Amino acid sequence: MGGRTYRLTLCYDGTRYRGWQRLPDTELTVQGKIEAALSKIFGSPIEISGSGRTDAGVHARAQVASFHAPEQPLAPLLRQLRQLLPPDIGAVSLEYAAERFHARLCATEKTYIYRVWNSDAPDVFERRWRIPLPDRLDFSAMERAASYLTGTHDFLAFCSNRHYKKSSVRTLKGLEICRDGAEVRFVLTADGFLYNMARILVGTLLEVGLGKREAASVPALFEEKTRALAGPTAPAGGLCLWEVRYD
């Protein structure tokens with residue numbers, strides 16, 4: 001039977017995992033769990049490529065992965081995969097893709113959502129998916145800072161990889177700050193994200209909201225290109241890969 005390229009859409013709770021990327025010293029990676037399940041189904045090693053490498057503790061609503069394997073009927077294959085995956089990783093859909101489709105290289109846009117519980121009330125049932133921050137936030141100041149961040153810039157100051165050698169220019173197409181009761185959502189859409197970029201952007205905005213940084217100080221970060229001058233990396237648990245788009 002001939003081989004096919006598959007496109008797999010996944011959701012997962014990243015709380016107990018050390019991130020997406022397969023690691024040699026642990027079984028607790030999302031990629032590792034999925035590859036183990038697929039390899040068992042096909043009876044030979046299967047390697048998958050994700051649209052991005054979410055960090056340890058980060059969640060996904062619609063992560064996209066691609067892999068090449070012998071052709072099998074999609075419905076039974078998806079059913080088997082769902083049975084083999086742990087409860088905190090879900091196979092949402094499976095389809096055949098064009099031969100040259102690659103989940104990361106073909107992606108044109110990604111959206112992440114970061115959730116904050118802005119209250120001192122207990123957040124028992126969703127505490128793993130949003131971070132508590134009871135302090136008052138200045139939304140006008142955060143929106144001013146967000147307006148400086150959107151557009152095409154060199155985001156090197158918002159990258160945790162000190163030895164990043166490739167271009168760090170990205171286009172942040174949208175940065176919305178929404179409030180729904182006590183929950184604050186930061187919705188970030190870009191053509192690509194650097195390592196920890198989404199979490200550092202949120203950390204910087206929260207500094208502005210807490211009055212620890214002036215909104216007008218943000219544009220200088222693009223010129224300085226120094227990680228230490230931007231805000232802290234917001235905790236991983238509040239971040240979720242929401243959507244990946246392709247042409």
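Taking the Cα centre as origin and putting +1 on Lys and Arg beta-carbons and -1 on Asp and Glu beta-carbons, what dipole magnitude results for segment 108-246, to the nearest 20 debye?
Dipole magnitude for segment 108-246 comes out near 500 debye.
For the chain, with the dipole built from +1 on Lys and Arg beta-carbon atoms and -1 on Asp and Glu ones, taken about the Cα centre, which of 54, 157, 236 lies farthest toward the positive end?
54
Suppose we flag GluC sites (Glu not before Pro) only when DSSP calls them loop and at most 11 other Cβ atoms lie within 10 Å. Which is the longest uninterrupted stretch of the chain?
Details: sites that count: 27, 99, 126.
My reading of the result: 127-247 is the longest stretch.
Go through segment 132-164 and name the trypsin sites (Lys or Arg not before Pro) that are in a DSSP coil and have 12 or fewer other Cβ atoms within 10 Å of their Cβ.
136, 162
Would you order 59, 68 from fewest to most other beta-carbon atoms within 10 Å of each residue's own beta-carbon?
Listing 59, 68 from fewest to most nearby Cβ atoms yields 68, 59.
Once you have the alpha carbon radius of gyration of segment 108-246, what is it after dividing by 2.2 N^0.38 Å, with N set to its residue count?
On the way: Rg = 14.4 Å, N = 139, 2.2 N^0.38 = 14.3 Å.
Normalised by 2.2 N^0.38 Å, the Cα Rg of segment 108-246 equals 1.00.
Considering Cα pairs under 8 angstrom that are at least six residues apart, work out the relative contact order of the chain and quote it in whole percent.
24
Just the number: Rg to Rh for the chain, Cα atoms, Kirkwood Rh, two decimals.
Here the Rg-to-Rh quotient is 1.01.
What does the net charge come to around residue 98 if you take all other residues with beta carbon closer than 14 Å to its beta carbon, with K and R at +1 and D and E at -1?
0
Show me, bin by bin at 5 Å from 0, the whole-percent P(r) of segment 3-97 based on Cα pairs.
Result returned by the calculation: 3, 14, 28, 29, 17, 8, 2.
Treating cross-link reach as a plain straight distance, find the lysines whose alpha-carbon is under 21 Å from the alpha-carbon of residue 110, omitting any fewer than eight places away in the same chain.
Straight-distance partners of residue 110: 166, 173.
So, in nm, how far is label residue 98 from label residue 154 when the simple model puts each one 7 Å beyond its Cα toward the Cβ?
Distance between the two pseudo-spin positions: 3.4 nm.
Just name one of 186, 134, 197: the one whose Cα is farthest towards the positive end of the charge dipole of segment 108-246 (beta-carbon charges, Lys/Arg +1, Asp/Glu -1).
Selected residue: 197.
Values in this text are rule-based calculations from the coordinates and carry no lab data. Bear in mind that the values here come from a model prediction, so they are computed numbers and not experimental data. Cβ coordinates were reconstructed from backbone atoms using ideal geometry, including for glycine residues, and neighbour counts include every protein chain displayed.
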